[in-house]
Each structure stands twice: as structure tokens, then as C-alpha cells.
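The values are calculated or read from the model by the stated rules, or taken from the named source; none is laboratory data. What you see is a predicted model; the values in this text were computed from it and never measured. Note that each Cβ is placed from the backbone with ideal geometry, even for glycine, and that neighbours are counted across all protein chains shown.
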Amino acid sequence: MKSLRNMFRRFGRDESGVLMAEAIIVLPFMLWSYLALFVYWDAFRSVNTSQKAAYTISDMISREMITLPANYITGMRDLMRYLIDNDQTVRIRVTSVTWSDANARFEVHWSRSPDNAVPLLTTTTLQTYASRIPKMAGGDFVTIVETWVSYHPAFDVGMDDEEIKQFVVTRPRFFTCISVSATPCPIS
């Protein structure tokens, strides 16, 4: 009986193979953590790049001094695809908005979306965005650039496919209004 007890004591103090057992337990967690950090960092990078591209497009439109041709917004979508440098789906909607003192509401001057990928804004649907648009003087114009970029994580670490949305409001730089073909600016 004493030898059996000694054998159990030796077995209890024996640490051979502990390193391998710990490695087997910890290695999957370490691998998952590494992949998760990679995916979350990539998602953060995608959001950041998408935001910068949306602001770039909004700034470019605000600096225009000519009537925008019909294919200009399509070119802006293609530019956004180039700036974010990925093969994800990119949708864009550009809307010119004014404040009407007479009607006490925001009104759509024009709205464009390449290939009608996103429903165009109307004065009625624009009112749902009213809280996101800064206060404006009567007859003042702003351009709203909205972008949607799909994001698919490289690895499955518990993060679903996302759609990165941006909403950028910019006032025209040189003129009171940006016009597009077939929709001139109102005479003031």
C-alpha cells in the first residue's frame, strides 16, 4: 500500500509533458487572437479609407465651377473604387439640397446615383435626414455625398459582413449652387 501511495505522489509531482499540454490548450486561442487582430485592424483600415474617399469626393464636387456633366457622378463612383483599392461593392448617391424659408424644410435640388444603385432622394425622403444636415440660411445650398462600401472579413472570427456607410455634407466653395446637366441652379 505504501508503494502505491509513493507511486501516486511521484505521478502528482511529475511535470514532464506539461509544456506540451499547455501549448495544445493555448495555441488555438493565440492563433484565433492573431487572426482576430488582423481582421479588426483590416476593418478599421477599410472604414478609415472609405471615410477619406467619401470626403475627397465631396470636396472635389464642392470645388466645381462648371455644370456637372451627366456621367460625372459615375466617374466619382469609379474614383472611389480606385481610392479604396478593393473589389468590394461601392454605391454612391450625391444630392444637392437647399433650405426653403417659405416651406421651413430642406428641399432636394437634384439627386444622382450611378446605375440607380441607391434610390434617389426626394424632398419627402430627405426629411428623415434633417437632423444630420446643419442649419442653413434660406436659399443656401449644400451637397450631400453618401457612400456604401461592402466589407467582407478575410477570416471568420465572429465578425459578419458589413456595409460601411458615410454621410458627408459640404457647402459649395466658389458658387452658391452646384448644377448638373438638365438641372441648372435657380436664379437668385
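Give the residues of region 145-168 that are assigned to a loop (DSSP other than H, G, I, E, B) and surrounded by 19 or more Cβ atoms within 10 Å (Cβ to Cβ), sorted by residue number. Give the steps one after another, and end with the answer.
Kept after step one, since they are assigned to a loop (DSSP other than H, G, I, E, B), are these residues of region 145-168: 152-161.
Once the filter is applied, which keeps residues that are assigned to a loop (DSSP other than H, G, I, E, B) and surrounded by 19 or more Cβ atoms within 10 Å (Cβ to Cβ), region 145-168 yields only PRO153.
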Exercise for the section: For PHE38, state whether it is within 23 Å of the chain's Cα centre (by Cα), surrounded by 10 or more Cβ atoms within 10 Å (Cβ to Cβ) and either closer than 23 Å to CYS177 by Cβ or modelled with pLDDT of 90 or more (or both). Expected result: yes
Practice task
Select from region 89-124 the residues that are surrounded by 13 or more Cβ atoms within 10 Å (Cβ to Cβ), of a type in the set (S, T, N, Q) and farther than 20 Å from SER179 by Cα and list them in ascending order.
Solution key: THR89
Exercise for the section: Scan region 169-178 for residues that are part of a loop (DSSP other than H, G, I, E, B), closer than 28 Å to ILE84 by Cβ and not aliphatic (A, V, I, L, M) and jot them down. Expected result: ARG171, PRO172, ARG173, PHE174
Handout entry: Among the candidates VAL39, VAL26, residue that is among the hydrophobic types (A, V, I, L, M, F, W, C), over 30 Å from PHE174 (Cβ atoms) and touching a residue at least 40 places away in the same chain (Cβ under 8 Å)
Key = VAL39
Fill in the blank from the handout: Counting only residues in region 90-112 that are of a type in the set (Ser, Thr, Tyr) and in contact with a Leu (Cβ under 6 Å, 6 or more places away or on another chain), the one farthest from ILE57 (Cα to Cα) is identified as SER111
Exercise for the section: Output the residue which, of all residues in region 3-20 that are at pLDDT 80 or above and among the charged types (D, E, K, R), is nearest to the chain's Cα centre (by Cα). Expected result: ARG9
Problem - Leading residue by the ranking (surrounded by the fewest Cβ atoms within 10 Å (Cβ to Cβ)) among those in region 50-71 that are in a helix (DSSP H, G or I) and in contact with a helix residue (DSSP H, G or I) (Cβ under 8 Å, 6 or more places away or on another chain) - result: LYS52
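Would it be correct to say that ILE57 is in contact (Cβ under 8 Å) with a residue 60 or more places away in the chain and touching a strand residue (DSSP E or B) at 6+ places or on another chain (Cβ under 7 Å)? Explain how you work it out, then say what you get.
Values: in contact (Cβ under 8 Å) with a residue 60 or more places away in the chain: yes; touching a strand residue (DSSP E or B) at 6+ places or on another chain (Cβ under 7 Å): yes.
When the stated conditions are applied, ILE57 passes them.
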